[in-house]
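Comments concern the structure below.
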Amino acid sequence: MVDSNFYKNNGPFSLAQIAEITGAELTDKSKSAEKISGIATMEKAGSEDICFFYDRKAKEKASNIKAKACITNEDLQTWIPHGVTVLVCANPKLAFLKLNQAFYEEYKPQAGISGKATIHSSAKIGKDCFIGDYVVIEENVEIGDNCRIENSSTICRGCKIGNNCRIGAGAYVAYCIMGNDCFIYSGAKLGCDGFGFNTIEGRHIRIPQVGRLIIGNDVEIGANACVDRGALDDTVIGDGCRIDNLVQIAHNDKLGRGCVIVSQTGIAGSCTLGDYVVCGGQAGLADHLTVGSGAQIAAQSGVMRDIEPGAVVMGSPTVPFKDFMRQVAFLQRNSKK
């Protein structure tokens, strides 16, 4: 069960309400008024819970469901045990998302500004914002409405943050223009110096980083991720991007819309990614590369040259996915000789 110490439970909901929320069809209308107290996994769901079954590989688990109800698709419903009320929909994963959002929500702090926060007199704070303990907001910062700036975070001078944004505890935001509906997780460092040096007479001389970090709308940047500001041009993160924990995005990088960058990926400076590019965990990109829209880069890949739109690549250095699998098969065959 979901722990109510951490998440508010908005239930119970009747099966009729759940059918309406999820767009599912209740197969036994006589059960419409029965109540569901929470969502649980197939293995742990009890007599007051609902679960979801959407993967044929889990059919053995499905046969042991003890939940009051289960949401599944038409093809899989035959695996649900007798006595479990079935709701059928085309996309159980989407139904899970909708019902999860309806059932559970985080406890949200009331709007207000902590007396322990340090806010410069020139800063502009929008309506209904929460500003936590030990937050530092420097001069000429602008923060939109309904924002949540959590404990010990820092918003440096001149930054602009749009409406409905959440800045996690201990995050650092500098040289940044941020859109609406963004979520910056705890410990993320945004707008720090890019890694730029010239070696002159045996010394590494720092190159001033005088660009900005531009973040679009509906962007999420994970815990302890680092996104550097530009050296001269701006670093740009497009609308709808999802950046996982512990990702490094270097100066002057430009990400299009909807990119997904998974944990421990490192993107060197001045790379351009198109729309909806996916980088698997621990992928690494050399500098000044272009990755076309819709390209997919597998985990632990090393990208050393441009990638065409829609390509699926793997390996280090990267090759098309099918070529990589042929290489693996070749090595496996010949290593046994």
Open item on the list: Along the Cα→Cβ direction, 7 angstrom out, place labels at residue 134 and residue 205. What is the inter-label distance in nm?
Closed with: 4.0 nm
Task: Neighbour net charge for residue 155 - beta-carbon separation under 13 angstrom, K R +1, D E -1 - done: +2
- [ ] Would you mind ranking 166, 56, 203 by Cβ crowding within 10 Å, fewest neighbours first?
- [x] 203, 56, 166
Task: Under-5 Å amide H pairs with residue 219, H placed in peptide plane, nonlocal only - done: 182, 183, 240
- [ ] Report, for the stretch 7-106, the % of DSSP beta bridges that are antiparallel, rounded to 5.
- [x] 40 percent
Open item on the list: Once you order the gyration tensor axes a ≥ b ≥ c over the Cα atoms, which shape class does the chain get: rounded for a/c under 1.5, otherwise prolate or oblate by comparing a/b with b/c?
Closed with: oblate
TODO: First select every other residue whose beta carbon is under 15 angstrom from the beta carbon of residue 31; then total the charges, Lys and Arg +1, Asp and Glu -1.
DONE: -3
- [ ] At 7 Å along the Cα-to-beta-carbon direction for both residue 329 and residue 31, put a label point, then send me their distance in nm to one decimal.
- [x] 4.6 nm
Task: DSSP-defined beta bridges in the chain - what % are antiparallel, rounded to 5 - done: 15 percent
Open item on the list: Please check: in the Gaussian network model of the chain (C-alpha springs, under 10 Å), which one of 243, 177, 36 has the largest mean-square fluctuation.
Closed with: 36
Open item on the list: Please enumerate, by chain and number, the aspartates and glutamates with C-alpha under 15 Å from the C-alpha of residue 61, excluding those fewer than 8 residues away in the same chain.
Closed with: 43
- [ ] Mind listing the long-range amide H neighbours of residue 312? Cut-off is under 5 Å, sequence gap 5 or more, other chains count too, H placed in the peptide plane at 1.01 Å from N.
- [x] 296, 321
Open item on the list: So if I take the centroid of the Cα atoms in the stretch 276-337 and the same for the stretch 1-74, what is the distance between those two points in Å?
Closed with: 40 Å
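Here, each number is a calculation from the coordinates, and none is a lab measurement. The shown structure was predicted, so the numbers you read here are calculated from the model rather than taken from an experiment. Positions of Cβ are generated from backbone atoms using ideal geometry, with glycine treated the same way; all protein chains shown enter the neighbour counts.
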